[in-house]
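Readers should treat all values here as calculations from the given coordinates under stated rules, not as data from a laboratory. Keep in mind that this is a model prediction, so the values were computed, not measured. Positions of Cβ are generated from backbone atoms using ideal geometry, with glycine treated the same way; all protein chains shown enter the neighbour counts.
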């Protein structure tokens, strides 16, 4: 994963640079700030050129015939470049001569290096082959992000298919290097990735049967060019033949190498799922991941205790809804009722899945209509709701969001797993939609990408505690906006917050206190009506992605605390739109930087 843009790593907690001393004139500050922005934009472009796939994700076609370099050499090259870039910035610019926004940009560029240095100390600890890793991500990337509008785009597509071989061989090498140090994912990951790899190379042209997802994509994209008169029928056939040859000659063999490596190394994996605390230097790795993910200095024990407190509070609120709907049993019985009663599920058919997606669209439309009452800045980018592609779909898998392009040419996508609708209760859908779509991830990320007046890198920054904290905050905000008229949907909202509170307990339990997979599943089920398949999928996610799950609740709580502070300080001058615009108008930032922004806004409003 690219160091500069990796969403798995968040910056460490720091405050903004000290205020500028008396001396520079307003004109000098404005010039220095503009010069810093120009410098950072130039550096961002230079760094972006190291990731052809990131360019494609942003809707750009430079290096469209290449994939990223996943080797150690590439990581070391990028890290060396970042060191040089930050050193040059510090030599050229004095934070005391910058405006407040530019001080934040200065700090965040330096933090991008700091976070990468911390992460690189544990380069081997990040599991290589887990659910949705490179063997699954590459075909997903080609299908959903490699746009084909011209003949040259299809030519690049075929070249990229041929590049699967070298790229995935690099990833296999990374797995072997980690294994040599005794670092392997839990046993279940081996079977997950083997299954995903086989899904990619099942169907034509790899084997008999219906077309594989990749071949379907090739045919759809070549037909579009043919229908638009941009290629001839012979050229369309040639592209399909070239793509098929790349699939059978390059992709199938390298995926078979992935499967062979995993089947061989599987014998060396522990049969009992273990947290990273059991790895060499595992405790230090986990502490680093908590720091990076939460952008705080909270310890595993502090996070665990916070989780226990939040779980207890949310159970009391759930009891109130149980009483409101007149359910006669205890909370455990109420959970079981919500897991099993057929009223909460659509049929496990294509018609049922269509109904589920239509309901999600309905929630998106309702939220969109109310946004102007709570926000001044609104996103321009379009949003669509889609079912996850079959080759990577998982029963009970978590809904997720993929950003669109900054120019809006590709919409943001709210993805839903629907292979098994009995794992997707309707009472969960409303709050999840607000989290992933509006006013959650789509709104926050689209607004960030559309910001002007700050360096471009900040429009693409991602700090997990900020972004996921915002998503969870908006689930509760939606209640203030008048949604969740069905008490069971409100119970779903509480359950989603409980889900994140449970994560504080379970993630630290797994990685710091030696909890087993069974113990973690039981704790989750004792405190949530979420169907067991979804819980099992979640717990396995925590095992392979240490620390990430703790960021949601910690980020939400900090945003709530900052809002409460602002309301207390401003009284009648407080506006919801003003607060939300302050939170969103600087892009994703570490939590201490967000605190500084909100406090500056409070002082500005007080003085007005």
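Of interest is the spacing of the C-alpha centroids, which for region 95-111 and region 444-462 amounts to 16 Å. List the relative contact order of region 26-120 as a percent without decimals, with contacts defined as Cα pairs under 8 Å and 6+ residues apart. 36 percent. Match the structure shown to one of the listed values (i) 51.9; (ii) 28.1; (iii) 40.1 of mean projected area of the Cα convex hull in nm², computed from it, and give that label. So the structure-derived entry is (ii). Listed from fewest to most Cβ neighbours within 10 Å, the set 490, 211, 350 follows the order 350, 211, 490.
Look at the alpha carbon pairs under 8 Å that are at least 6 residues apart: their mean separation over the length of the chain gives a relative contact order of 18 percent. Residue ranges 428-437, 340-349, 441-450, 367-376 sort as 428-437, 441-450, 367-376, 340-349 when ordered by packing (mean number of other C-beta atoms within 10 Å per residue, highest first). Here the residues 543, 334, 327, ranked from fewest to most Cβ neighbours within 10 Å of their Cβ, fall in the order 327, 334, 543. Kirkwood hydrodynamic radius computed over region 283-339 comes to 13.7 Å, based on all pairs of distinct alpha carbons.
When the Kirkwood radius is taken over all Cα pairs of region 134-278, what Stokes-Einstein diffusion coefficient follows at 37 °C and 0.692 mPa s, in µm²/s?
Values: Rh = 16.6 Å.
Answer from the Stokes-Einstein relation: 198 µm²/s.
The convex hull of the Cα atoms of region 298-550, projected and averaged over all directions, covers 14.3 nm².
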